[in-house]
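What follows draws every value from the coordinates through simple rules; no lab data is involved. Note that the structure is a prediction, hence the values are computed from the model and not measured. Note that each Cβ is placed from the backbone with ideal geometry, even for glycine, and that neighbours are counted across all protein chains shown.
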Amino acid sequence: MDKLPKCTANYVPLTPLTFIKRASKIYANRTSVIYDGVRFSWSQTYERSCRLAYSLRSFNVVRNDVVSVLAPNIPALYEMHFAVPMAGAVLNAINTRLDAKNIATILRHSEAKVFFVDYEYVHIASDALSLLVAGLEDGSSPQHVMPLVIVIDDLKRPTGVRLGKLEYEQLIHHGNPQYLGEDLEDEWDAISLNYTSGTTSEPKGVVYSHRGAFLSTMSLIQGWEMGTEAVYLWSLPMFHCNGWTFTWGVAARGGTNVCIRNTNAEQIYKSISNHKVTHMCCAPIIFNMLLEAKPHEIRKLTSKVNILTGGAPPPAPLLKKMEELGFHITHAYGLTEATGPALICEWRTKWNELPTDHQARLKARQGVSILTLADVDVKDKKTMEGVPHDGKTMGEIVLRGSSIMKGYLKDEKETAKAFHKGWFFTGDVGVIHPDGYMEIKDRSKDVIISGGENISSVELESILFNHRDILEAAVVAMPHPRWGESPCAFVVLKDTRDTRETEILAYCKKNMPKFMVPKKVEFVKELPKTGTGKVQKAKLRKIAQTLQISLKTTSDNKVSDNQTLYHQDEPENQEKVVVVAMSRL
């Protein structure tokens, strides 16, 4: 059998580039992209991608060169997901919420050869390039040269804004529509470069392979049961793990991409109503946006909208409220290093017979591995033994499979650290239920150890969210003189609410074990978040470290907690604490 031939007839490297080539033939006249009154068909999107790839090659962009782009969810960014790898290069979609310093750092670290900039981001891109020049002049980046800058102007109403002489549509116009792209010889070649959000450490450059991107895409369209003719709303940033691979996945299903520049409740509801959206992805933060929308922003859903959500585990009550609006929620879990979602909560038909509250709790779990992951487990990191499937014993979630990243760019040490004993260690703590479904309990460093008891901040947050006055909640550890650590809750109230700390604590005492009850509740106007919507608990922990808990002796000589913080319970002093907390965020 070893002598059987391996040739171009029976072996083709796996790459998501095959999806758009197929779409251009099978779904040629079907609408591929809708954006602000502009529509393209799949044959047009493919032709535009070919033209752009040809133009990139004319700028001497070659294999493994990095092409960076700073843009919202617009057709140009979608096209680049095909055009850049067609030219043999690596796509680096930059988080549009970063400041100039971070953008400059990414351009420097990635050694970007070309830098596409949407017209709305020219100012911050200009500042980033100035910092990059300064770095070159002081010798900190001796091997890097300035990237070629190309502005992406508005398709329908050109602004004339430029940062240099080149503009995106010029490249499309002058490109060759017959260009088929460079031959992919090795499916292990890099297709994209995504930088982590930096919630736990400095952002790292995560490199995806063509093979990994292909397999992740196939897994997610299958696991989410995305059918043909899906209408997909881009409420999730394309810069976030390449849109969780749905940049490629919508092409695979011949669906329609509905692009929106600004993600807000009015735009989401309007797009769903106007274009009959069937699918969308988002972080749970979007749920609150939709639930808290003003009456004039809301459009009643006339058909089911499937939502794939990830990020921070959404509380079960939040999922229930979204389902009542007409959204069908599927929960997933992933991270940048796993090419987006790695676990998905596959729904079982028999669960439809359960009470809605029970269904919501099941939906809040992260579920089972996507189809193309080789293996997933929850392990004791010290012994490497898998935890019992009891839904209680916690361990670290580990993954293994071809959809895991190639590694971190220019960082062998961190790559080796991530790949430990044949597994990728996620840093997330979870449990496995008797039915084999996994549930995230916390980030490993967010677990609160109070008097030897492990407290899941995620579990505590879910209970807090069920309070009628609470919009958002985040729980971190704060020092405790007796228990070592105790929970501190940071709470955002709904606009019309005026709730006291004593009320929240009384609610907690009724709804959770005594050892889990927060020793302090801090009211804040908003929680600090990363560009992808994750709560920055490191910042909250710094504030919690400054809060103090002292012990006092009761009349019967028993030791009890006494909160000696910035205030007692007077409302005027309580407001002062909010101001202090917010200034530190």
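Couple of notes before you dig in:
- Cα long-axis angle, helix 316-325 against the chain (0 to 90 degrees, to the nearest 10): 60
- Cross-link partners of LYS320 among aspartates and glutamates, defined as those whose alpha carbon lies under 13 angstrom from its own and excluding same-chain residues fewer than eight positions apart: ASP357.
- Exposure proxy for MET322, MET512: other Cβ atoms within 10 Å of each Cβ, ordered fewest to most, give MET512, MET322.
- Extreme residue, positive dipole direction of the chain, given options THR415, VAL231, GLN44 (C-beta unit charges): VAL231
- Cα shape, the range 23-182, gyration tensor, a/c 1.5 rule: prolate
- Applying a threshold of 32 Å to the alpha-carbon distances of LYS406/LYS441; LYS101/LYS525; LYS276/LYS363; LYS382/LYS494 flags LYS382/LYS494 as lying beyond it.
- Dipole of the range 377-533 computed with +1 at Lys/Arg Cβ and -1 at Asp/Glu Cβ about the Cα centre; of LEU399, VAL429, SER450, farthest Cα towards the positive end is SER450.
- The stretch between ALA374 and LEU136, if pulled fully straight at 0.36 nm per residue, gains 81.3 nm over its current Cα-Cα span.
- 20 Å cut-off, amide nitrogen to a point 7 angstrom out along CYS7 Cα→Cβ, residues in the range 160-187: 184-186
- Pairwise centroid distance, computed over Cα atoms, of the range 168-244 with the range 385-415, Å: 22
- In the chain, taking the dipole from charged Cβ atoms about the Cα centre, the farthest positive-side position among VAL61, VAL378, VAL250 is held by VAL250.
- Within the chain: Cβ-based charge dipole about Cα centre, in debye rounded to nearest 20 (Lys, Arg +1; Asp, Glu -1): 520
- Taking other Cβ atoms within 10 Å as a rough exposure proxy, GLU461, GLU324 sort from fewest to most as GLU324, GLU461.
- Using C-alpha pairs under 8 Å with a sequence gap of at least 6, the mean separation divided by the residue count of the chain gives a relative contact order of 10 percent.
- Fewest-first ordering of THR415, THR228, THR217 by other beta carbons within 10 Å of each residue's beta carbon gives THR228, THR415, THR217.
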